[in-house]
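Novice: Quick one: structure below, then a few questions.
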Amino acid sequence: MKVLLDTDIASCLSKINSFEIIFNLFPNSRFFIPVRVFEELKEAEELGFRFVETILKLLGEKIEITPLNGEEIRDYEEIDRIGKFGYGEKACIAICRSREDFILFSNDGYVNKKSDELGIKVYNLEDLLSLAIEEGVIKSEMDLEALITKIESWDRVLVRDKDYLRSKIKELEK
């Protein structure tokens, strides 16, 4: 399987220093970011955001940059007919629609809402946390709470289904 990271997921995992979650969940997968996501990350770095360093260190080692091919460039422009997406999201969608065996990790609610219409498979942050609990990557309620705290305070993203995630890990701890 090939995993495409959108800017929001990549930046979140970088800010909370937790890329190992996805690397442990998908040990036999290859991880990619489109050129446009790389450009967005470089823009953040130029603005002084230090979290980007973690992602950039993983490039070439664990994460590869992938350009759009000709078909994907044409699709990139067509995606606006389905909805209004950011540049990074459009690049991710175009790649996932064109290439086999690609799934998208994105915490963009609109991308998740439109995933069926777009014909792509999307995991958001809560999907990944839920899967990490199921697969034993997150082993305890204490580990889960620490992650939620980091996500909400360091990335300023609200984890909406905290109660569900907490109940899920309590079930596994029994």
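The values are calculated or read from the model by the stated rules, or taken from the named source; none is laboratory data. Note that this is a predicted model, so its numbers are computed, not measured. A quick note on method: Cβ atoms are made from the backbone with ideal geometry, for glycine too, and the neighbour counts reach across all protein chains shown.
Novice: Among the residues of the range 111-121, is there at least one that is surrounded by 17 or more Cβ atoms within 10 Å (Cβ to Cβ), in a loop (DSSP other than H, G, I, E, B) and out of contact with any Lys or Arg (no Cβ under 9 Å at 6 or more places or on another chain)?
Specialist: So far as the range 111-121 goes, no, none of its residues is surrounded by 17 or more Cβ atoms within 10 Å (Cβ to Cβ), in a loop (DSSP other than H, G, I, E, B) and out of contact with any Lys or Arg (no Cβ under 9 Å at 6 or more places or on another chain).
Novice: Something else now. Glu64: in the same structural domain as Ile169 (by TED's automatic domain parsing) and either closer than 19 Å to Ser29 by Cβ or buried (at least 19 other Cβ atoms within 10 Å of the Cβ) (or both), yes or no?
Specialist: On the way: in the same structural domain as Ile169 (by TED's automatic domain parsing): no; either closer than 19 Å to Ser29 by Cβ or buried (at least 19 other Cβ atoms within 10 Å of the Cβ) (or both): yes.
Answer is no for this residue.
Novice: All but one of (1) crowded, with 17+ Cβ neighbours inside 10 Å; (2) under 18 Å from the mean Cα position of the chain (by Cα); (3) more than 23 Å from Ala132 (Cβ to Cβ) hold for Glu72, so report the exception by its number.
Specialist: Checking Glu72 against (1) crowded, with 17+ Cβ neighbours inside 10 Å; (2) under 18 Å from the mean Cα position of the chain (by Cα); (3) more than 23 Å from Ala132 (Cβ to Cβ), the one that fails is (2).
Novice: When the residues of the range 4-41 are filtered to those that are part of a strand (DSSP E or B) and either out of contact with any Lys or Arg (no Cβ under 7 Å at 6 or more places or on another chain) or among the basic types (Lys, Arg) (or both), which remaining residue is farthest from Ile93 (Cα to Cα)?
Specialist: Arg30
Novice: Quick one: Arg160 ticks every box in (1) assigned to a loop (DSSP other than H, G, I, E, B); (2) more than 18 Å from the chain's Cα centre (by Cα) except a single one, so which number is it?
Specialist: It fails just one condition, (2).
Novice: With the structure loaded, tell me whether Ile93 is under 23 Å from Leu129 (Cα atoms) and not in a helix (DSSP H, G or I) or whether it fails that test.
Specialist: no
Novice: Same structure again: Restricting the range 67-90 to residues that are assigned to a helix (DSSP H, G or I) and touching a Phe, Trp or Tyr at 6+ places or on another chain (Cβ under 7 Å), which is nearest to Arg30 (Cα to Cα)?
Specialist: Checking each candidate, the answer is Lys90.
Novice: For the range 14-53, give me the residue count where each residue is touching a residue at least 40 places away in the same chain (Cβ under 8 Å) and aliphatic (A, V, I, L, M).
Specialist: Result for the range 14-53: 7.
Quick grid of which residues meet (1) in the same structural domain as Asn17 (by TED's automatic domain parsing); (2) among the acidic types (Asp, Glu):
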position	(1), (2)
Leu104	yes, no
Asp108	yes, yes
Ser115	yes, no
Ala132	no, no
Gly136	no, no
Asp143	no, yes
Arg156	no, no
Asp161	no, yes
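Novice: Take Lys150 and decide whether it is assigned to a helix (DSSP H, G or I), touching a Ser or Thr at 6+ places or on another chain (Cβ under 9 Å) and surrounded by fewer than 19 Cβ atoms within 10 Å (Cβ to Cβ).
Specialist: Details: assigned to a helix (DSSP H, G or I): yes; touching a Ser or Thr at 6+ places or on another chain (Cβ under 9 Å): yes; surrounded by fewer than 19 Cβ atoms within 10 Å (Cβ to Cβ): yes.
Criteria met by Lys150.
Novice: Being among the aromatic types (Phe, Trp, Tyr), modelled with pLDDT of 95 or more and not assigned by TED's automatic domain parsing to the domain that holds Leu158 is the requirement here; does Phe51 meet it? It would help to see each step written out before you state the result.
Specialist: Working: among the aromatic types (Phe, Trp, Tyr): yes; modelled with pLDDT of 95 or more: no; not assigned by TED's automatic domain parsing to the domain that holds Leu158: yes.
The answer is no for Phe51.
Novice: Which of (1) modelled with pLDDT under 95; (2) surrounded by fewer than 19 Cβ atoms within 10 Å (Cβ to Cβ); (3) out of contact with any strand residue (DSSP E or B) (no Cβ under 6 Å at 6 or more places or on another chain) does Asp101 not meet, given it meets every other one?
Specialist: (3)
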